[in-house]
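Accompanying notes for the structure given below.
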Amino acid sequence: MLEIKNLHVNIDGKEILKGIDLEIKAGETHAIMGKNGSGKTTLARVIAGQKEGCEISGQVNFLGRNLFEMEPEERARAGIFLAFQNPIEVPGVALSSFLTSSLNEIRKARKELPLDWFDFSRQVEEKTKSLGLKEEFLSRGVNEGFSGGERKKNEIFQMMVLQPRLALLDEIDSGLDIDSLKRVAKIINNSRKEDNAFLMITHYQRILNYIKPDFVHVMVEGRIVKSGNSKLAKEVEKTGYGNFS
Amino acid sequence: MYSLQNAALQKHINLFSANVSNKLLEKIVKREYEWGFHTPVEAEKAPAGLDENTIKFIWRKKEEPEFMLALRLKAYHYWLTMKEPGWANIKYDPIDYQKIIYYSAPKKRPGSLQEIDPEIRKTYEKLGIPLKEQEILAGVVAVDAIFDSVSVATTYRKKLKDLGIIFCSISDAIKNHPELVRKYLGSVVPYTDNFFATLNSAVFSDGSFVYVPKGVRCPIELSSYFRMNTPQAGQFERTLIIAEEGSYVSYLEGCSAPQRFEHQLHAAVVELIAHKDAEIRYATVQNWYPGDKKGRGGVYNFVTKRGLCLGENSRISWTQLETGSAITWKYPGCVLKGDNSVGEFYSLAITSNYQQADTGTKMIHLGKNTKSRIVSKSVSAMRSNNSFRGLVKVEREADNSKSFSRCDALLIGNKCSANTFPHFEVYNNTAKVGHEASTSRIGKDIIFYLRQRGLSEEQAIALIVNGFTREILSMLPFEFALEAKKLLSVSLEGSVG
Amino acid sequence: MEIFLKEKEKLNYFTLNNASTNIYLAKESHLCVYSFTFGEESVKNNLNVILEEEQAKAELYGLYLVSDGQIAENNTFLRHLAPFCQSFQQYYGILAGKGRAVFNGRIRIERKAKGTDAYLENKNILLSNDAEVLGRPFLEIFDDDVKCTHAFSASLLEEDEIFYLRSRGIDKETAKKILLTSFAKKIINKVNKPSLKENLCAKISQFLSEKLEGKN
């Protein structure tokens with residue numbers, strides 16, 4: 001599904017990604033672990049479409065298409081979803097109207113009919129419940145007044161509504177208490193299907209106890225230095241990142 | 001792909017940019033001022049320049065009674081003693097008052113709708129303004145179209161007449177209802193009020209007159225359109241709306257002007273009088289030629305609008321939506337004289353390119369338990385400058401008055417600016433005055449976030465601006481909300497298709 | 001009076017009455033300025049704070065209590081010239097008798113001042129009908145990447161709050177004193193020195209006792 005070959009990214013003259021090779025097939029869940037500053041978030045943002053201030057070289061294909069020829073919204077409509085590490089506020093724009101527009105753009109790309117208010121509300125009702133979010137947050141501005149944890153839940157909520165092919169979850173566990181973490185993990189696990197894939201970015205091993213990845217990659221200073229299965233995550237927890245240079 | 005499907009949207013996209021990529025600048029159709037055309041019609045003009053003879057020329061052409069000449073000359077002489085104000089937060093080239101044409105009217109005067117010069121009818125059709133005797137939009141709208149200085153037609157006059165409502169041009173009102181005009185004209189904005197109001201009092205050519213008798217609720221939206229066509233013609237309209245005890249009227253003023261390179265002057269005066277238990281709603285949707293990308297051309301818009309809540313429990317609300325206009329200087333305000341009266345002001349100003357807007361409101365609390373509410377929103381893009389100036393004055397006798405104002409500015413890009421200059425003078429301690437102002441922006445990170453959710457850059461901007469402007473747009477009379485949205489080009493429903 | 005804060009310097013400063021003070025902040029410096037006016041003769045304070053370099057922070061706190069024949073005029077001008085600076089202003093006033101207050105709070109955020117976070121709040125409580133307040137909180141913003149909020153209010157004490165205290169057995173005058181004191185304390189609590197705080201509280205008590213006597 002996603003093929004990354006020799007990806008180099010410079011930001012403001014500084015080399016952040018120094019040659020990333022990664023392949024994610026449909027049905028797989030990958031995890032990237034690394035310290036802060038190792039380049040994990042940059043990787044996610046570049047896949048999602050960030051270009052501002054970046055010098056990018058290498059090849060990235062998504063579902064057979066050259067990702068670099070696609071604008072961010074085209075990538076989203078093709079099925080890429082990024083749960084931001086720091087979701088921002090968009091005050092004055094109700095979450096429900098934003099999400100309806102977004103969903104309908106994606107549905108259009110999939111040649112499906114747009115949803116109207118009723119259908120949208122129905123679909124959304126159970127999803128809000130499963131995350132433990134109150135109904136009213138739909139009419140509030142996007143992330144307006146939300147705590148860090150609530151913003152993370154909002155990202156997962158959006159993921160549930162938009163049903164992406166490839167979900168990039170950047171530090172989805174930060175800011176969540178243990179109950180919320182369990183809920184989120186349950187949702188993600190239930191969403192894992194044969195035709196979609198997940199890439200989890202984290203620097204704590206904890207979330208990987210609840211969402212067992214098929215593959216784990218350790219990232220140090222812009223490179224993937226080791227790849228393995230879920231046992232690798234436990235190893236990192238024991239010995240720390242220092243051992244992996 | 002999607003850019004093709006969004007072609008219709010692109011056509012309507014307005015001129016926001018700066019913080020957005022170059023690709024967007026290419027894609028966005030900088031909306032050529034759609035209404036920038038000129039109607040070739042024979043016009044009867046006064047020679048350029050202003051002196052006593054010009055005044056007499058106007059008075060004669062309009063066949064006004066004696067008292068009007070006296071009024072005009074008094075104002076003219078007073079104007080000669082005045083100095084143009086220069087304190088607004090605005091830079092503009094000095095106006096040469098002798099170069100302006102103060103009277104311009106199409107040569108043929110119509111007796112009925114059918115007789116209107118076909119060129120003029122075409123102009124109004126192009127503008128999308130109906131001059132037909134039939135139901136318009138969902139509700140029923142009476143339109144009084146003003147082409148340069150003369151009212152071209154007034155529809156629905158008969159229907160309103162049956163209710164006792166007078167809706168006609170002010171020229172007609174001066175001839176047919178002189179006692180009303182004498183009583184109320186200048187009672188809210190005296191001829192000495194300010195430089196431009198004084199000029200207007202001397203040379204005003206036309207405008208609307210509305211009179212609603214006691215207890216009558218005007219069943220339709222009254223509307224007027226102004227248009228400046230002759231080069232160098234200034235436009236000096238004068239509007240007077242009187243709502244007798246217990247009555248209600250809603251009025252919409254909409255304007256446009258064609259593309260020009262010399263500045264055009266617009267100095268209007270609007271007076272509203274609401275008696276006991278009466279309500280007047282006045283809305284303006286203004287789409288001035290904004291000046292070209294270099295800031296040349298454009299309209300000088302100096303308007304004095306004031307509402308007097310004369311009787312107890314009366315209510316006046318001003319709603320305005322503005323885009324374009326090179327220089328705007330408007331301070332609609334309310335004098336809240338009657339106890340329990342309410343004044344409201346809702347404004348949305350959009351500026352781009354080199355536009356400058358200096359807008360604001362004045363609320364003067366005189367009576368007891370009076371209330372005022374001000375909501376001002378501005379969107380500034382490119383190199384434009386948007387200033388809000390508010391005055392809330394609570395006089396000593398205004399016990400238990402309440403005033404709340406809220407100013408929000410949305411900035412797009414880092415070459416624009418927004419200023420807020422509120423003034424509060426509180427001379428009564430039982431009053432409650434509150435004010436909040438805040439700024440926000442459309443930043444790259446917000447745009448990226450929305451794009452990652454599948455919305456294009458245009459859609460993202462439209463979404464944010466729509467959320468920001470919704471409160472004001474909802475205040476416009478329903479019949480005109482569509483036009484307003486088109487003007488703003490930010491309809492969420494339209495962008496998702 | 002000109003004061004220059006060096007890089008990373010911290011300063012707590014109490015302005016003198018009737019002074020014009022200009023304070024310049026260098027990179028990462030932190031300023032706390034206090035202006036207190038307690039029922040003295042008329043006072044006019046000019047305070048200009050210029051945030052010249054990145055990540056400087058300025059906090060301005062003012063409390064003015066005025067009574068008959070007194071005018072407290074506070075003029076502040078906060079200029080943001082550099083990115084990522086913060087400014088926070090809270091000026092509260094209690095006006096009794098024929099006291100008058102003028103507050104001109106101007107904030108100007110220049111084009112290069114990205115990431116500015118500015119806040120201004122001016123609250124006035126008018127105790128009598130002869131009291132007058134003039135407020136002009138001005139905002140001039142030349143960059144879009146800023147967060148700027150300001151608020152102004154003028155009112156009486158809240159009836160609900162007075163009633164609440166009275167329903168707990170406290171008489172009207174004392175209730176008013178309590179509410180006014182807690183209003184003023186919001187500013188006093190920003191002062192770090194406990195001894196100074198006590199001093200200020202005592203002054204407020206004194207002012208309120210004198211001015212509230214016999215007033216309704």
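The values are calculated or read from the model by the stated rules, or taken from the named source; none is laboratory data. Just so it is clear, the structure is predicted and the values come from calculations on it, not from any experiment. Note: ideal-geometry Cβ built from the backbone for every residue, glycine included; neighbour counts use all protein chains shown. Surface areas here come from the heavy atoms of the whole protein model, side chains and all, with no ligands, DNA or RNA. Shrake-Rupley method; radii C 1.70, N 1.55, O 1.52, S 1.80 Å.
For the range B:381-416, a tally of residues being at pLDDT 85 or above and more than 23 Å from B:Glu471 (Cβ to Cβ) returns 9. With C:Lys177, C:Lys186 as the choices, which residue is surrounded by fewer than 15 Cβ atoms within 10 Å (Cβ to Cβ), under 22 Å from C:Ser155 (Cα atoms) and touching a residue at least 24 places away in the same chain (Cβ under 8 Å)? None of the others qualify; the one that does is C:Lys186.
Within the range A:79-88, is even one residue away from every other protein chain (no Cβ under 12 Å) and either closer than 30 Å to B:Glu471 by Cα or open to solvent by 40 Å² or more (accessible area, probe 1.4 Å) (or both)? Scanning the range A:79-88, I find no residue that is away from every other protein chain (no Cβ under 12 Å) and either closer than 30 Å to B:Glu471 by Cα or open to solvent by 40 Å² or more (accessible area, probe 1.4 Å) (or both), so the answer is no. Just checking, does the range B:362-373 include any residue being facing chain C (nearest Cβ under 9 Å), buried (at least 24 other Cβ atoms within 10 Å of the Cβ), among the β-branched types (Val, Ile, Thr) and within 20 Å of B:Glu312 (Cα to Cα)? No, that holds for no residue. Quick one: count up the residues across the range A:95-111 that are open to solvent by 20 Å² or more (accessible area, probe 1.4 Å) and at the interface with chain B (Cβ under 7 Å from one of its Cβ atoms). Of the residues in that region, 1 qualify. Taken as a whole, the structure places B:Phe404 among residues that are within 14 Å of B:Met363 (Cα to Cα), more than 9 Å from chain C (Cβ to nearest Cβ) and surrounded by fewer than 24 Cβ atoms within 10 Å (Cβ to Cβ). Number of residues in the range B:174-193 that are touching a strand residue (DSSP E or B) at 6+ places or on another chain (Cβ under 6 Å) and at pLDDT below 90: the value is 0. Identify, please: which residue in the range C:130-166 is open to solvent by 60 Å² or more (accessible area, probe 1.4 Å) and either outside any loop (DSSP other than H, G, I, E, B) or more than 14 Å from chain B (Cβ to nearest Cβ) (or both) and is, among those, farthest from C:Phe88 (Cα to Cα)? Taking the candidates together, the pick is C:Arg166. You will find that of B:Lys415, B:Lys393, the residue that is under 21 Å from B:Ser380 (Cα atoms), basic (Lys, Arg) and out of contact with any Cys (no Cβ under 8 Å at 6 or more places or on another chain) is B:Lys415 and no other.
Annotation: of all residues in the range C:113-129 being open to solvent by 10 Å² or more (accessible area, probe 1.4 Å) and at the interface with chain B (Cβ under 7 Å from one of its Cβ atoms), the one that is nearest to the chain's Cα centre (by Cα) is C:Leu127.
Of the numbered criteria (1) within 8 Å of another protein chain (Cβ to nearest Cβ); (2) at negative phi; (3) more than 25 Å from the chain's Cα centre (by Cα), the one B:Ile461 fails is (1).
Among the residues of the range C:189-201, none is identified as open to solvent by 60 Å² or more (accessible area, probe 1.4 Å), closer than 23 Å to C:Leu126 by Cα and assigned to a helix (DSSP H, G or I). For A:Gly58, the conditions (1) away from chain B (no Cβ under 14 Å); (2) assigned to a strand (DSSP E or B); (3) within 16 Å of the chain's Cα centre (by Cα); (4) not acidic (Asp, Glu) are fulfilled apart from (3).
Within the range A:115-132, the set of residues being small (Gly, Ala, Ser) and farther than 14 Å from A:Leu162 by Cα comprises A:Ser130, A:Gly132. When A:Gly19 is tested against (1) closer than 22 Å to A:Met160 by Cβ; (2) surrounded by fewer than 20 Cβ atoms within 10 Å (Cβ to Cβ); (3) over 20 Å from the mean Cα position of the chain (by Cα), just one condition goes unmet, and that condition is (1). The numbered conditions (1) open to solvent by less than 10 Å² (accessible area, probe 1.4 Å); (2) at pLDDT below 75; (3) assigned to a strand (DSSP E or B) are all true for B:Lys305 except (2). All conditions but one from (1) within 11 Å of chain B (Cβ to nearest Cβ); (2) small (Gly, Ala, Ser); (3) free of Cβ contacts under 8 Å to residues at least 60 places away in the same chain apply to A:Gly132; the one that does not is (1). Give the residue that is surrounded by the fewest Cβ atoms within 10 Å (Cβ to Cβ), with candidates limited to residues of the range A:46-55 that are within 14 Å of another protein chain (Cβ to nearest Cβ) and touching a residue at least 40 places away in the same chain (Cβ under 8 Å). Out of the qualifying residues, it is A:Gly53. Tell me whether the range B:331-350 contains one or more residues that are farther than 24 Å from C:Asn129 by Cα, open to solvent by 10 Å² or more (accessible area, probe 1.4 Å) and within 14 Å of chain C (Cβ to nearest Cβ). Checking the range B:331-350: not a single residue is farther than 24 Å from C:Asn129 by Cα, open to solvent by 10 Å² or more (accessible area, probe 1.4 Å) and within 14 Å of chain C (Cβ to nearest Cβ).
Consider A:Gly37 carefully, then state whether it is open to solvent by 30 Å² or more (accessible area, probe 1.4 Å), modelled with pLDDT of 90 or more, among the small types (Gly, Ala, Ser) and not in a strand (DSSP E or B). Judged against the criteria, A:Gly37 is not a match. Considering the range C:1-46, the residues that are touching a helix residue (DSSP H, G or I) at 6+ places or on another chain (Cβ under 9 Å) and either surrounded by 14 or more Cβ atoms within 10 Å (Cβ to Cβ) or small (Gly, Ala, Ser) (or both) include one that is nearest to C:Gln86 (Cα to Cα), namely C:Tyr34. A:Val216 meets the conditions (1) farther than 29 Å from A:Ala78 by Cα; (2) open to solvent by less than 60 Å² (accessible area, probe 1.4 Å) in every case but one. The failed one is (1).
Here is a check on your reading of the model: is A:Asp177 within 14 Å of chain B (Cβ to nearest Cβ), under 22 Å from A:Ala233 (Cβ atoms) and not aliphatic (A, V, I, L, M)?
Taking the combined requirement at face value, the residue does not satisfy it.
Checked against (1) under 18 Å from the mean Cα position of the chain (by Cα); (2) open to solvent by 10 Å² or more (accessible area, probe 1.4 Å); (3) modelled with pLDDT under 90, A:Glu171 passes all but condition (3). Checked against the criterion of being of a type in the set (Gly, Ala, Ser), farther than 30 Å from A:Ala48 by Cβ and out of contact with any Cys (no Cβ under 7 Å at 6 or more places or on another chain), the candidates B:Ala431, B:Ala462 yield just one match: B:Ala431. Which members of the range A:129-161 meet the condition of being in contact with a strand residue (DSSP E or B) (Cβ under 6 Å, 6 or more places away or on another chain) and either of a type in the set (A, V, I, L, M) or closer than 30 Å to A:Gly64 by Cβ (or both)? Scanning the range A:129-161 gives A:Val142, A:Glu155, A:Met159.
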